[in-house]
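Notes for the one structure printed next.
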Amino acid sequence: MSSHANPPLNRPRQNQLFADQDLPANLEAWEVAASTDLLIADVVFNRPLTTIYQYLVPEGLRELIGPGQRVQAPFGRGSQGLIGYCVALGSVLPAGRSLKSIESVLDREALVDSQMLELTKWIADRYLCGWGQVLETVIPKGVKSNAGTREITFFELSPSLRNSLGLTATTPELNPPGGGKPNLAPPSMPGPITSSDETPTSVASNRPLPSKELASPGPAPGQLAAALDALKLRAKQRVVIEVLCASNRPLAVDELAAAAQCGLSPIQTLREKGLITSLRERVLTPPTVGPIEAHRELILNLDQMRAVNSIVDVVRSGEHRTLLLHGVTGSGKTEVYIRAIEEIVSYGRQAIMLVPEISLTPQTIRRFRSRFASVSVLHSHLTDAERHGHWKQIASGSVQVVVGARSAVFAPTPHLGMIVIDEEHETSFKQDNTPRYHAREVARYRAELEKVPLVLGSATPTLESWQRAIEGLDTLVSLPKRVEDLPLPPVVIVDTRNDPAIGKGAAIGRALFQGMNQALNDGGQVILFLNVRGYSSVIWCRGCGKGVKCPDCDITLTWHKERAIALCHCCNFSTKPPGACPECQRPGLAYLGLGTERLESEVKARFPSFQCLRMDSDTMQKRGAHDVALEKFRHGEVQILLGTQMIAKGLDFPNVTLVGVIDADTLLHQPDLRSAERTFQLIAQVAGRTGRSARGGRVLVQTASPTQYAILCAAEHNYLGFASQELTHRKSLKVPPYTHMARIIVRGIHEAEVSDYAAKISELIRTAAKELQADLRILGPAPCIVTRLKANFRYHLQLTSPDLHSLRAVWLQAAPLFPHHPHVEFQVDVEPLNFR
Ligand code: ADP
Ligand code: ZN
């Protein structure tokens, strides 16, 4: 086996080898190989390796292999067969090396196309992980395992009969070339006819069945009839043959029986006579696409029209451009996306619309279904088979709009026309395990490759996106007003430090209590927001002054009264609440801190004549619970909705006249460079849930930091003011968006080993930075904020540089020198959002 390092960018690209869908995937590769008689495959594995490995393609696999397919090849010391991805084919043998051979090809056709290969390669480079790791994540499990497919028998005329009937050109093959040959897994063998075979509704192969125009020119009808007469067939058998003569593709058994109006026996007999042949093919039942619903035709306001035009201009230019759609809550951003998508759909192209998982509510889905004939919704509850079905359907080009969470950015749309990311500030667009990509950055690169617009929408854009827009790198489009001239709701800041009720331990202070009473008595509805679930967030010993911690994490346990457990919100460890302090054995622990459960019991006690509903991940465990709860609220069965961030986003209920933020400080005092930004976003988003109709609405924000600028600016709906102050602050700290960052986490069971290892790699990084004269700031190593997590000690290092390339270069030079340690692991997180 031989290898070479991650190739530099100027290495000849081989994507064009299979860019043309109509040609066999590796035609040019065959041609190249014919002259040198060598075919070499570049293969990457699902390992944290930047290496691309090369293998010889043996004779028997030449026709089967292509970039984007999985292969099995000997790997590592034991030369074990390991599954990897073929990423390119070539014919140049590295000098002085003998190569091992590919053992088998697993897929009949490419799982990803050339652009997806390029995109995944980019992700590996950008996020410092293995290309194979990225491919492994990007291709859904159900696609790799062919989930949800069934083998079905198809029939066609046998070649000899076709000849004797004068049907010269052969019927196009249904099976991809090489089907059923040795080394191709899974084998596709002709099987018996069974009545359980169902008529396929779509064919799994992504090679389209030829259309009528491609049908071979047949003999004149009279000639054909004469030739059929000569066969002296029984009437039913003859009809079967006629049906197959008339068809331009192999027919599934049920299709054939239905068309010939016969049972299985004439078909069986014809097969035994050798007049027709069968082939087996895996087919997939396509997912059902919901019905189209009627919708109210809206007349866009001027700002919306301007926004739609800016997007459409980019679509027409045929160039990539990123647009930041900064629209206050309720300004009609979704309508803008929909109109722009309608435009690109009218060009026969597809759109990808990314939304936070939490927004994949029936409300959003209905909205899209009512406007487009074919919408695929990719949410996290899909089974492997469903995901596979969507993937194939999207790849076939029949889906107009893909709506989904983060990973939908990889949807295999054949003619992408636009990508939209709604609520682009949401942290769920960043994946928090390898590959730790941010869907916004991936979307930007994909949109660049495919020369289409990327639209980022938010009422509270990230400072990364905002800075690009104000510097003119991206195009800023604003919707400064709510639709129908509805005003943004007034926000009142309530200082909790001298509130008598809160002083006595209540969650709802005096002002909020009065506000709620008034809103409810006027027939309005109320949303209360609190970002902590459980009953008490701290179980505390008055004797030794310590909180009761998770045995595996540096986190105090949260008391969940309903479930009667003390729970770790990091690792889900749970225990019966201790009767005495585990440290000093003093009995009588105090239950402090406020969670949604306690808020709920307070609301029930203080507003007994109103219905209250709590939404957090404890009450919303069951699939669909979320929708049931929101419907209750929509229909007014419930007057008070309280919950965690689950209720902060997207909800559009005209009757909500008061929103209360119970504690605006929960995010503010986090040791995180984005704590002010998150606080601003949260208040602005929660405030967005009210004032959505002529009834108006207002917001009360309880805080102990009433002069903090994030809170003040949010109360004034002043994003620009906040952004400008926050950017100044970030610039002075030399942190993102002014610099690039990588966080390296080292973890292991024994603290001394972890800290030693962190010190060692920190030295290696410092040396590499010195050698490369990189403009790099290295912080740490230091214990992570949550030093113990899931029984591991954790240390981290933070690398910051104004220049992404030098940061990468240092990493690529240093990381291969990191020693192997049996008990310690490291991870790198590029542009981290989580600093815990
Ligand atoms: P955003 O996503 O900016 O918060 P939405 O797109 O959800 O806002 O729009 C809020 C509400 O306004 C929706 O109910 C939508 O149907 C309605 N709406 C959007 N555009 C218009 C318009 N031009 N005229 C009237 N109502 C509109
Ligand atoms: Zn824990």
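Residue by residue, here is whether (1) in contact with a Cys (Cβ under 9 Å, 6 or more places away or on another chain); (2) without any contact (Cβ under 8 Å) to a residue 40 or more places away in the chain; (3) farther than 19 Å from GLY68 by Cα holds:
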{"residue": "ALA395", "(1), (2), (3)": "no, no, no"}
{"residue": "VAL403", "(1), (2), (3)": "no, no, yes"}
{"residue": "THR413", "(1), (2), (3)": "no, no, no"}
{"residue": "PRO435", "(1), (2), (3)": "yes, no, no"}
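Could you please find all residues in the stretch 416-454 being within 15 Å of GLN115 (Cα to Cα) and surrounded by fewer than 22 Cβ atoms within 10 Å (Cβ to Cβ)? Listed by number, the residues that qualify are LEU416, ARG444, TYR445, GLU448, LEU449, GLU450, LYS451.
Could you grab me the full set of residues in the stretch 587-608 that are touching a Phe, Trp or Tyr at 6+ places or on another chain (Cβ under 6 Å) and surrounded by fewer than 18 Cβ atoms within 10 Å (Cβ to Cβ)? Full working, then the answer.
Pass one, the stretch 587-608, residues touching a Phe, Trp or Tyr at 6+ places or on another chain (Cβ under 6 Å): 590-592, 595, 597-598.
Residues satisfying the conditions are ALA590, TYR591, LEU592.
Scanning for something polar (S, T, N, Q), out of contact with any helix residue (DSSP H, G or I) (no Cβ under 8 Å at 6 or more places or on another chain) and within 25 Å of GLN681 (Cβ to Cβ), does the stretch 342-363 turn up at least one residue? Scanning the stretch 342-363 turns up at least one residue that is polar (S, T, N, Q), out of contact with any helix residue (DSSP H, G or I) (no Cβ under 8 Å at 6 or more places or on another chain) and within 25 Å of GLN681 (Cβ to Cβ). Among the residues of the stretch 474-491, count how many are surrounded by 14 or more Cβ atoms within 10 Å (Cβ to Cβ), out of contact with any Ser or Thr (no Cβ under 7 Å at 6 or more places or on another chain) and not hydroxyl-bearing (Ser, Thr, Tyr). Summing the residues that are surrounded by 14 or more Cβ atoms within 10 Å (Cβ to Cβ), out of contact with any Ser or Thr (no Cβ under 7 Å at 6 or more places or on another chain) and not hydroxyl-bearing (Ser, Thr, Tyr) in the stretch 474-491 gives 5. It is to be established whether one or more residues within the stretch 53-65 are surrounded by fewer than 17 Cβ atoms within 10 Å (Cβ to Cβ) and either closer than 29 Å to TYR445 by Cβ or β-branched (Val, Ile, Thr) (or both). There is no residue in the stretch 53-65 that is surrounded by fewer than 17 Cβ atoms within 10 Å (Cβ to Cβ) and either closer than 29 Å to TYR445 by Cβ or β-branched (Val, Ile, Thr) (or both).
Scanning the stretch 233-269 for residues that are part of a helix (DSSP H, G or I), under 46 Å from the mean Cα position of the chain (by Cα) and more than 22 Å from GLY222 (Cβ to Cβ) yields a total of 7. Screening ILE152 against (1) at pLDDT 85 or above; (2) in contact with a strand residue (DSSP E or B) (Cβ under 6 Å, 6 or more places away or on another chain); (3) under 30 Å from GLU386 (Cα atoms) leaves a single unmet condition, (1). Set side by side, the residues ARG497, ARG510, ARG542 differ, and just one is without any contact (Cβ under 8 Å) to a residue 24 or more places away in the chain and either β-branched (Val, Ile, Thr) or away from ligand 1 (no atom under 16 Å from the Cβ) (or both), which is ARG510.
Within the stretch 557-598, restricting attention to residues that are of a type in the set (Phe, Trp, Tyr) and part of a strand (DSSP E or B), which residue is nearest to ligand 2 (Cβ to nearest atom)? The qualifying residue nearest to ligand 2 (Cβ to nearest atom) is TRP559. Please verify whether ILE527 is at pLDDT 90 or above and within 16 Å of ligand 1 (Cβ to nearest atom), treating the condition exactly as stated. Answer is yes for this residue. The condition of being crowded, with 22+ Cβ neighbours inside 10 Å and either modelled with pLDDT under 85 or farther than 16 Å from SER428 by Cβ (or both) holds for only one of LEU658, LEU673, LEU668, that being LEU658.
Picking from GLY515, GLY509, GLY457, GLY503, which residue would you name as being surrounded by fewer than 18 Cβ atoms within 10 Å (Cβ to Cβ) and more than 16 Å from ligand 2 (Cβ to nearest atom)? So that I can check it myself, show each step before the final result.
Values: GLY515 fails: surrounded by fewer than 18 Cβ atoms within 10 Å (Cβ to Cβ); GLY509 fails: surrounded by fewer than 18 Cβ atoms within 10 Å (Cβ to Cβ); GLY457 fails: surrounded by fewer than 18 Cβ atoms within 10 Å (Cβ to Cβ).
It is GLY503.
Among the residues of the stretch 275-303, which ones are over 26 Å from VAL402 (Cβ atoms), among the charged types (D, E, K, R) and either at pLDDT 90 or above or not in a strand (DSSP E or B) (or both)? ASP303, the sole residue that qualifies. Going through (1) modelled with pLDDT of 90 or more; (2) within 16 Å of ligand 2 (Cβ to nearest atom) one by one, GLY643 falls short only on (2). Just to be sure, is CYS541 within 16 Å of ligand 2 (Cβ to nearest atom) and either modelled with pLDDT of 95 or more or buried (at least 18 other Cβ atoms within 10 Å of the Cβ) (or both)? Considered against the rule, which asks whether it is within 16 Å of ligand 2 (Cβ to nearest atom) and either modelled with pLDDT of 95 or more or buried (at least 18 other Cβ atoms within 10 Å of the Cβ) (or both), CYS541 comes out as no.
Consider the stretch 344-375 and keep the residues that are closer than 18 Å to ALA447 by Cα and surrounded by fewer than 19 Cβ atoms within 10 Å (Cβ to Cβ). The one that is farthest from the chain's Cα centre (by Cα) is TYR347.
Those residues that are in contact with a Pro (Cβ under 9 Å, 6 or more places away or on another chain) and modelled with pLDDT of 90 or more, I need them from the stretch 350-376; list them, please.
GLN350, SER376
Please work out if ILE749 is over 29 Å from the mean Cα position of the chain (by Cα) and within 16 Å of ligand 2 (Cβ to nearest atom). Judged against the criteria, ILE749 is a match. Scanning the stretch 315-367 for residues that are within 12 Å of ligand 1 (Cβ to nearest atom) and of a type in the set (Phe, Trp, Tyr) turns up just one, TYR337. The residue that is farthest from ligand 1 (Cβ to nearest atom), among those in the stretch 669-700 that are β-branched (Val, Ile, Thr) and part of a helix (DSSP H, G or I), is THR679. The condition of being without any contact (Cβ under 8 Å) to a residue 12 or more places away in the chain and among the hydroxyl-bearing types (Ser, Thr, Tyr) holds for only one of SER346, SER370, that being SER346. Quick check: is even one residue across the stretch 775-787 among the hydroxyl-bearing types (Ser, Thr, Tyr) and either modelled with pLDDT of 95 or more or more than 16 Å from ligand 2 (Cβ to nearest atom) (or both)? No, there is no match, as no residue in the stretch 775-787 is among the hydroxyl-bearing types (Ser, Thr, Tyr) and either modelled with pLDDT of 95 or more or more than 16 Å from ligand 2 (Cβ to nearest atom) (or both).
Just so you know, in the stretch 752-801 the residues that are free of Cβ contacts under 8 Å to residues at least 60 places away in the same chain, among the β-branched types (Val, Ile, Thr) and closer than 19 Å to GLN827 by Cβ include one that is farthest from ligand 1 (Cβ to nearest atom), and it is ILE765.
Is it the case, given these coordinates, that LEU630 is assigned to a helix (DSSP H, G or I), more than 16 Å from ligand 2 (Cβ to nearest atom) and not basic (Lys, Arg)?
Numbers: assigned to a helix (DSSP H, G or I): yes; more than 16 Å from ligand 2 (Cβ to nearest atom): yes; not basic (Lys, Arg): yes.
Considered against the rule, which asks whether it is assigned to a helix (DSSP H, G or I), more than 16 Å from ligand 2 (Cβ to nearest atom) and not basic (Lys, Arg), LEU630 comes out as yes.
The values are calculated or read from the model by the stated rules, or taken from the named source; none is laboratory data. Note that the structure is predicted; figures quoted are calculated from it, not measured. For neighbour counting, all protein chains shown are included, and Cβ atoms are generated from backbone atoms with ideal geometry for every residue, glycine included.
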